[in-house]
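Worksheet: the structure to be examined is printed underneath.
The values are calculated or read from the model by the stated rules, or taken from the named source; none is laboratory data. What you see is a predicted model; the values in this text were computed from it and never measured. We place every Cβ from the backbone using ideal geometry, glycine too, and count neighbours over all the protein chains shown.
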Amino acid sequence: MRSLPSLRGPRPPPLPLLLLCLLAPVRRSSEDGRTPAAPFTSLPVREEMMAKYSNLSLKSHNISLTDEEKRGTKRSSELTMVTGEHSNMPVEKNITLERPSNIELTCQFTTSGDLNSVNVTWRKGDELLENNYLINATGSILYTQYMFTIVNSEQMGSYSCFFEEKKEQRGTFNFKVPELHEKKKPLITYVGDSVVLMCKCQGCFPLNWTWYSSNGSVQVPVGVPMNNKYVINGKNANETRLKIMQLSEEDQGSYWCHAIFQLGESEEHIEIVVLSYWVPLKAFLAIAAEVVLLVAIILLCEMYTQKKKKHSDDGKEFEQIEQLKSDDSNGIENNAPRHRKNESVGQ
Amino acid sequence: MTPKPAGPPDGGWGWVVAAAAFAVNGLSYGLLRSLGLALPDLAEHFDRSAQDTAWVSALALAVQQAASPVGSALSTRWGARPVVMVGGVLTSLGFVFSAFARSLLHLYLGLGVLAGSGWALVFAPALGTLSRYFSRRRVLAVGLALTGNGASSLLLAPALQLLLDNFGWRGALLLLGAITLHLTPCGALLRPLALPGDPLGPPRSPLAALGLGLFTRRAFLVFAVGTALVGGGYFVPYVHLAPHALDRGLGGYGAVLVVAVAAVGDAGARLLCGWLADQGWVPLPRLLAMFGALTGLGLLAVGLVPVVGNEESWGGPLLAAAGAYGLSAGSYAPLVFGVLPGLVGIGGVVQATGLVMMLMSLGGLLGPPLSGFLRDETGDFTASFLVCGSFILSGSFIYVGLPSALPSCRPASHPGTAPPERGELLPDPQVALLPPGGPHSTLDTTC
């Protein structure tokens, strides 16, 4: 979007700038340094393309590269190795694209060396791209811009800009369709139950959804003849639900939902496990048996201790009665001790 | 000749009863709290909103508390032991029934009504029986039993997650039914105890068994009003503390930390306050009013905490306020049950426990929805916490009206010599408790 104003601003007469770009970096006057992004003029080819796809939105993306190695040599020798490694790592940007759009990709390369000796190319995957890109140099920064349109899935993929000097610097733009949210846990269901599998796309609206089931590697479509076992519906455009009824153990396995976009497909995997009720029921019966055993043990222990206590109480009572008899025979003055003895037994 | 009943044993089998009550608390309240883990799976399966599934737990809690007097009434008629055992079977059946649910309605009936009723039959009788086994160390024993739900949340929450991952929600509910069946052995451990002060025969009518006559006592009436007010605010943090922490700007883990601090403070304080209260340095009603007031102030502080600057901070002021609230609320809990024998006598404890649960349930039904409504109206939880804090403060203010000197809790040494004080504290000889143990003295001032 930033380059649009410069397109409408003052431009030099339309030259075949493209040829110039392929041969050598073009030096511009300072007036073009006004906009911080790549200050490019328009191209006849580009204008034509813009008119054809003017109903599509324009998306701009930008990568900055620096020639770290050169800077590194100015530092101490230990640091040189570290920065040297970094400079070899490719700089990547992942871009999610749902609908056909006009694309504008910009790479800027900062170096302290000679800009004229840098060779600039654009590739899609490994294939060299021939047209539609511009090169501009301002101060010590080299800009290159590639504009094109993506209308079908073949145009998706990785686009890279290459700056070749002593070492090759590369910036990559990866175009992908929106990915679906990954669910992690398998769904556990039971025989005879029904289950609802849901796929949702965050912030994106696929054209269509399809469902597949797979045993092994082959994916078989599911729910296409809608019968009373499978029902597919979705509340909004960005989600879909597959309801499977009357589950049986054969329904166990992996299910895939595919979100179909104009520019490709993405899929999500859901797994279903179908158990029979007997599985938890076994554990339940085992625990219930343990509970019954506990209760029996507790009640039996109590009855046993009470019986023992009763026997000892009876024994004490018997002793007491014997004691009373012997006391009686000893005389009446033993009233007080008798009371005390009774009270101590009573407590 | 049957021996005259001694006072509370204050130990011995009482510790076994404490362990049983600990397990009962864990398998009822603790399980109910952990049940929230299964609710998202239920919402997904039945394609209903989170609010609809939240009603499952809310209904179970409401039935458990509101039906508590029924549990205590049944246990005055037949004894705590059979009632708790039946309650365990009922709860288990509720879970088994809900494992086969075909609609959310089945869950409301199975978990909400059946399991809730089963829980109503177990909590008050177990706790009431525990109070009867102790006198000098009662509040400590009750505090120990009440830590059951904290401990069980720690154990049951990961266990429930494991069950959900391996067996789905149906299998998990089925196995939870097996786990709650352990309430029955806990009930088997509640040996009946005969104490001086137990009324003579079984209650004449079901209404008398409910113990509504207890409300005619001034002390219990004051306590009841205060507790009903406190109930209006007490349960709000259980529901809204975590969302409040998130609202104040803490991240997910920050909110978890706040809840954990409150929970740990709560559990620890239950034990500490139990021990402290039993030392007898401060009369129990005064302690009750004090900790109630501190809980209310703690909630006011929680509500007034400023917004945290960034998500990464650990929310110091909110943590401190939540800790203060947890410590006070934890101290309040055993005191509520510990003060009952002094108010209604050891004979009325089981019924009083049931009534207290019912009173708190009135507040529990009112508090969280009101708090949610205030949140929706004002945009954050400040008003909610201020309102529930003030409910608790007003309840504590009413507690100040309780008599500070409760009857001594020492068992009388000469049961035969002291004159029976029938009619002074017990208005009605029909208000009865445990079945015949052969009590002779009607002195219920012994607690």
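If a residue counts only when it is free of Cβ contacts under 8 Å to residues at least 12 places away in the same chain and either more than 30 Å from B:D47 (Cα to Cα) or within 14 Å of another protein chain (Cβ to nearest Cβ) (or both), which strands (runs of 3 or more DSSP E) contained entirely in segment A:123-205 have at least 3 such residues?
Result: empty, no element qualifies.
May I ask you to list the residues in segment B:252-272 that are touching a helix residue (DSSP H, G or I) at 6+ places or on another chain (Cβ under 9 Å) and not hydrophobic (A, V, I, L, M, F, W, C)? Result: B:G252, B:G254, B:G265, B:D266, B:G268, B:R270. If you go through segment B:263-304 and keep only what is surrounded by fewer than 23 Cβ atoms within 10 Å (Cβ to Cβ) and in contact with a Lys or Arg (Cβ under 9 Å, 6 or more places away or on another chain), you end up with B:W275, B:D278, B:G280. Of all residues in segment A:136-152, those satisfying the criterion of being within 21 Å of A:N174 (Cα to Cα) and among the aliphatic types (A, V, I, L, M) are A:M147, A:I150, A:V151. Of the residues making up segment B:184-231, those that are of a type in the set (A, V, I, L, M) and within 14 Å of chain A (Cβ to nearest Cβ) are B:A188, B:L189, B:L190, B:L193, B:A194, B:L195.
Of the residues that sit in segment A:206-239 and are β-branched (V, I, T) and more than 14 Å from chain B (Cβ to nearest Cβ), which one is surrounded by the fewest Cβ atoms within 10 Å (Cβ to Cβ)? Out of the qualifying residues, it is A:V218.
The listed residues are B:S34, B:S28, B:S57, and the only one of them that is out of contact with any Asp or Glu (no Cβ under 8 Å at 6 or more places or on another chain), in a helix (DSSP H, G or I) and closer than 15 Å to B:L183 by Cβ turns out to be B:S28. Looking at this structure, is B:L27 modelled with pLDDT under 90 and either over 18 Å from B:L61 (Cα atoms) or not aromatic (F, W, Y) (or both)? No: the conditions fail for B:L27. Can you name every residue in segment A:215-231 that is touching a Ser or Thr at 6+ places or on another chain (Cβ under 7 Å) and either modelled with pLDDT of 85 or more or over 11 Å from A:C257 (Cα atoms) (or both)? A:V220 - this is the single residue of segment A:215-231 that is touching a Ser or Thr at 6+ places or on another chain (Cβ under 7 Å) and either modelled with pLDDT of 85 or more or over 11 Å from A:C257 (Cα atoms) (or both). Every test in (1) in contact with a Leu (Cβ under 7 Å, 6 or more places away or on another chain); (2) within 30 Å of B:Q51 (Cβ to Cβ); (3) hydrophobic (A, V, I, L, M, F, W, C); (4) modelled with pLDDT under 80 is passed by B:A383 save one, and that test is (4). Within segment B:319-345, residues that are under 25 Å from B:L257 (Cα atoms) reach partners that are charged (D, E, K, R) and in a helix (DSSP H, G or I) with beta carbons closer than 6 Å, at six or more positions or on different chains, in the pairs B:G326/B:D266; B:A329/B:D266; B:G330/B:D266; B:G330/B:R270; B:A333/B:R270; B:P334/B:R270. Does B:P9 satisfy the criteria of being within 14 Å of another protein chain (Cβ to nearest Cβ), part of a helix (DSSP H, G or I) and over 20 Å from the mean Cα position of the chain (by Cα)? Taking the combined requirement at face value, the residue does not satisfy it. B:A19 meets all of the listed conditions (1) in a helix (DSSP H, G or I); (2) surrounded by fewer than 23 Cβ atoms within 10 Å (Cβ to Cβ); (3) more than 14 Å from chain A (Cβ to nearest Cβ); (4) among the small types (G, A, S) but one, namely (3). Only a single item in (1) in contact (Cβ under 8 Å) with a residue 12 or more places away in the chain; (2) away from chain A (no Cβ under 13 Å); (3) closer than 23 Å to B:V239 by Cα is not met by B:D41, and it is number (2). Scanning segment B:75-96 for residues that are surrounded by 24 or more Cβ atoms within 10 Å (Cβ to Cβ), within 18 Å of B:F22 (Cβ to Cβ) and of a type outside the set (V, I, T) gives B:A80, B:G87, B:G88.
Is it the case, given these coordinates, that B:L27 is touching a Phe, Trp or Tyr at 6+ places or on another chain (Cβ under 7 Å) and closer than 25 Å to B:S153 by Cβ? Explain how you work it out, then say what you get.
Values: touching a Phe, Trp or Tyr at 6+ places or on another chain (Cβ under 7 Å): no; closer than 25 Å to B:S153 by Cβ: yes.
The answer is no for B:L27.
Among the residues of this structure, A:S254 counts as one that is touching an Asp or Glu at 6+ places or on another chain (Cβ under 9 Å) and away from every other protein chain (no Cβ under 12 Å). One residue alone among B:W55, B:W78 is modelled with pLDDT under 90, within 20 Å of B:G36 (Cβ to Cβ) and away from every other protein chain (no Cβ under 14 Å), and that residue is B:W55. At least 3 residues being over 23 Å from the mean Cα position of the chain (by Cα) and closer than 22 Å to B:F391 by Cα is the threshold, and among the helices (runs of 4 or more DSSP H) wholly inside segment B:220-318 those reaching it are B:236-247, B:284-304. If you go through segment B:64-75 one residue at a time, do you hit one that is within 28 Å of B:Q351 (Cβ to Cβ) and within 14 Å of another protein chain (Cβ to nearest Cβ)? No, segment B:64-75 contains no residue that is within 28 Å of B:Q351 (Cβ to Cβ) and within 14 Å of another protein chain (Cβ to nearest Cβ). Residues that are over 16 Å from the mean Cα position of the chain (by Cα) and more than 14 Å from chain A (Cβ to nearest Cβ) within segment B:122-180 comprise B:R132, B:Y133, B:F134, B:S135, B:R136, B:R137, B:L154, B:L155, B:L156, B:A157, B:P158, listed in sequence order.
Residue-by-condition table, conditions (1) within 11 Å of chain B (Cβ to nearest Cβ); (2) surrounded by fewer than 14 Cβ atoms within 10 Å (Cβ to Cβ); (3) at pLDDT 75 or above:
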{"site": "A:I270", "(1), (2), (3)": "no, no, yes"}
{"site": "A:V274", "(1), (2), (3)": "yes, no, yes"}
{"site": "A:F284", "(1), (2), (3)": "yes, no, yes"}
{"site": "A:V291", "(1), (2), (3)": "yes, no, yes"}
{"site": "A:A296", "(1), (2), (3)": "yes, yes, yes"}
{"site": "A:K307", "(1), (2), (3)": "no, yes, yes"}
{"site": "A:D328", "(1), (2), (3)": "no, yes, no"}
{"site": "A:R340", "(1), (2), (3)": "no, yes, no"}
